[in-house]
Every structure is written in C-alpha cells, then in structure tokens.
C-alpha cells in the first residue's frame, strides 16, 4: 500500500465524527454554489446547538440553505458575498451579513481571513492520490491552503473535470464518504419578454466572439438566441445547460479564442445533472480558479470578448444595481465588474447589461431616475438591453444617455422618465 493510501485510510471518518472536530465560535468557509457539501452541512445543522456562535462564510446559488432556516438562525452567523431571496429572513433578523466583493477578490479575502475550518466536496482519490474538485473550483485552492482544518465530503457522484481541479489527499484532514446527486439549478421557462431580450443581445454578438454570461433566465435566453452564430468561444465564470445545444450544433467551437483556444473555460458549473454528465471526463472543458477566469489582465488578452450580465435596475445615467431591491440584498456584485472591465480592454470587446424593462407584474419601471445601490458605475457599462432595444452608452453625454435609456424603457413609463429627467426629479 502506498504512503498516500495509508494516510487517506486513516483520515476517513463518519460525518458525525467530522463535525465534532468543529468548535463553537469558529470561522467556517463552505464550498460555494452547487458544490456545497450536502451531507456535511446536514450534520452541521443537526449539531447546531453545540456550535452556537459559529460563523459560516457562504455563496449560496443552488444551496437549500439549511443553515438559514428558522430553527438554525439562533446558532449560526452567516456571511455571504452572493445572497439570494432565501436569506431574506436571516438578513432581517441580523443573522446574515452581506459582504460586497468582486468574485476575483475572494481568494485575497480568504488569505487575509482567519479560516478555522474549510468544508468542501471532492471526488474519491485517483491512483496517484489526488481528489478532483469537479463542478466548482472558484477559490477552493486558496481555501484549502489557508484553512487550519479541511473536511471534505468525498462524493462518488462528483464528475471528474479538467483544468486546475486536483488537490492532494495530504491537503485534507478528514474524508466523509458519500454517494448522492449533486445540487443542481434547473432551467426556468422563458417568457416572451426574456426571449426578445435574448434576441436583442444576440444582435450585438458577432461570429467568432468569446462570451461570458451570468445566472438565470436572461443569460440562458441569450444563449438560445445564438444558434445562427459561428465559431463562438466561452470564457465565463459559470457555465449553464444551454451550452450543450450550442456545442452539439457547432455554434461553440472555441477555435477563434486568443486565450486557451479550443477550450471551454469557467470556474464552476451551475446547471442540471445533464450538464454535469456532459462535462464529466470531457477534455473540452477546463475549470480554473477565479484568479484566472475573472482576471482583467487575462480577459483583456481575449479578442472580441463579450460580457453579458443582468441587472435589477438601471438609472438614466447608466448606473447599474444588480444587488438590492427595497433595501434587501437578493444577489451580489459577483463577477459583473470583473468581466465588464475585461471586456473594455479586449480588442473588439463589449460590456452588455440585459434585463426586462419592468418588474414582473408590469407596475414599475426598472429603468429609473436613480437606483437604490450602484453595482457597476456609469463609466464602465457600454450597452444596456431590454425587450425594447439596445441603448449604446459609450461616449454619450448624460443627456444622450438618458435619451437612449428612455427609448428602451417600457412605453408606459417613458413620459414619466422624460419628465423626471427634464425637471431634475430624482
């Protein structure tokens, strides 16, 4: 038996034993998104009374948020840089704090933090003694290096992915065996408004472009609107299910990419089991840490890089709020500014923000005189897209920007917006 096998066997334990290694008031970091280790988190919640005062650092897209349920809130302090509506109650009670942060800076934040315990999810080790991070790399390497103690849920159903996805068994203090489906994010049904937005964004993307997109129906609608394009490439934070059809139909080839040609590059997968199986042992896909995927220096070297992100609201100067509604944080900064800046410096690049012109019930305009919070500043965003068209903001004065944005607002609100602009009613 090899040395690594002896070490590995000595560190296998039950989930109950693993969580007993955690002490009250420690600072815990959980693997983010759909790679949150479910078995470990379930036991963490079961032992919550013993762990009163523990801080959980999380990013929650895809998470069932067991630690944010009413019965858990008195025991855990939650910190997140990417929130969700499921954390609304925890934020109202003061049990959850929002940490606004560019995704590219999370490794720096980890290195400057006290990390008592890291809770991650990996595959079983290969013949050389390395476990695979599977569907999410993000900042796991930095987390494992900084943590005083690393607990890994070793899931037999974790896909094997290429890129910077391997960590040694020597870096893990405790292995919790499991075999269960990973967390997934199902695709939502696209509305007619979302489909039109996708078509409008697609009109800005040329053949041979490299694209990045975010999470949700609007980015997915954009992808489904690209079926007539040629030789697209992907360098994104996340990858979602619609890429499967684009690859199989020959739209995405990655041949024209100037950084990592012929490869689909991301830091995490946010989709269904279909996507996870498609990526499993597929060398076309490479997952890398956010220091690479979200680096402005790297992105600027990618010709024709097009960033496609969403917003909650935009003001008449082009300021973007992608975080908060009614003073409640429901999302986060994420990688929006990372990719916008990269697109600005890319030869032929475009920074695009796409969103519906009104709230779901149609009673409020999402183009406003002023926004509640500013995620992306007016000098950075080049294109704003709604179902009514494209506002081209780069090089435009404040007056010209207001005119452009009012022209793509819902017709029911254009007169009001023009009045507010002309009369300085903000």
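The values are calculated or read from the model by the stated rules, or taken from the named source; none is laboratory data. Computed from a predicted model, the values in this text were never measured in an experiment. Backbone-built Cβ (ideal geometry, glycine too); neighbour counts: all protein chains shown.
For residue 136, the requirement of being outside the structural domain of residue 216 (by TED's automatic domain parsing) and more than 23 Å from residue 273 (Cβ to Cβ) is not met. When the residues of region 153-188 are filtered to those that are under 20 Å from the mean Cα position of the chain (by Cα) and without any contact (Cβ under 8 Å) to a residue 60 or more places away in the chain, the one that is farthest from residue 290 (Cα to Cα) is 188.
One residue stands out among those in region 129-147 that are closer than 17 Å to residue 27 by Cα and in contact (Cβ under 8 Å) with a residue 60 or more places away in the chain: the one that is nearest to the chain's Cα centre (by Cα), which is 139.
Scanning region 111-133 for residues that are surrounded by 24 or more Cβ atoms within 10 Å (Cβ to Cβ) and touching a helix residue (DSSP H, G or I) at 6+ places or on another chain (Cβ under 7 Å) gives 118, 119, 120, 121, 131, 133. Consider region 196-219 and keep the residues that are over 15 Å from residue 352 (Cβ atoms) and within 22 Å of the chain's Cα centre (by Cα). The one that is surrounded by the fewest Cβ atoms within 10 Å (Cβ to Cβ) is 217. If you scan region 304-350, which residues turn out to be more than 17 Å from the chain's Cα centre (by Cα), part of a strand (DSSP E or B) and closer than 30 Å to residue 415 by Cβ? Matches in region 304-350: 313, 314, 315, 320, 325, 328.
Considering region 1-58, and only residues there that are in contact with a strand residue (DSSP E or B) (Cβ under 6 Å, 6 or more places away or on another chain) and in a helix (DSSP H, G or I), the residue that is modelled with the lowest pLDDT turns out to be 33. Looking for whichever is touching a helix residue (DSSP H, G or I) at 6+ places or on another chain (Cβ under 9 Å) and surrounded by fewer than 24 Cβ atoms within 10 Å (Cβ to Cβ) here; the options are 186, 181. Which one fits? Being touching a helix residue (DSSP H, G or I) at 6+ places or on another chain (Cβ under 9 Å) and surrounded by fewer than 24 Cβ atoms within 10 Å (Cβ to Cβ) holds for just one of 186, 181, which is 181. Identify all residues within region 69-98 that are over 24 Å from residue 312 (Cα atoms) and not in a loop (DSSP other than H, G, I, E, B); write none if there are none. Within region 69-98, 76, 77 meet the criteria. One residue alone among 305, 292 is crowded, with 24+ Cβ neighbours inside 10 Å and under 18 Å from residue 260 (Cβ atoms), and that residue is 305. Exactly one residue out of 163, 237 is in contact with a strand residue (DSSP E or B) (Cβ under 7 Å, 6 or more places away or on another chain), within 30 Å of residue 115 (Cβ to Cβ), at pLDDT 95 or above and not assigned by TED's automatic domain parsing to the domain that holds residue 124, and it is 237. Residues in region 386-426 that are closer than 25 Å to residue 221 by Cα and part of a loop (DSSP other than H, G, I, E, B): 387, 388, 393, 394, 408, 409, 410.
In this structure, is residue 150 crowded, with 16+ Cβ neighbours inside 10 Å, assigned to a strand (DSSP E or B), touching a strand residue (DSSP E or B) at 6+ places or on another chain (Cβ under 7 Å) and free of Cβ contacts under 8 Å to residues at least 60 places away in the same chain? When the stated conditions are applied, residue 150 passes them.
Residues checked against (1) farther than 26 Å from residue 382 by Cα; (2) modelled with pLDDT under 95; (3) assigned to a strand (DSSP E or B):
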site: 176; (1), (2), (3): yes, no, yes
site: 190; (1), (2), (3): no, no, no
site: 205; (1), (2), (3): no, no, no
site: 211; (1), (2), (3): no, no, yes
site: 227; (1), (2), (3): no, no, no
site: 230; (1), (2), (3): no, no, no
site: 245; (1), (2), (3): yes, no, no
site: 254; (1), (2), (3): no, no, no
site: 265; (1), (2), (3): no, no, yes
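Being under 25 Å from residue 246 (Cα atoms) and in contact with a helix residue (DSSP H, G or I) (Cβ under 7 Å, 6 or more places away or on another chain) holds for only one residue in 163, 198, and it is 198.
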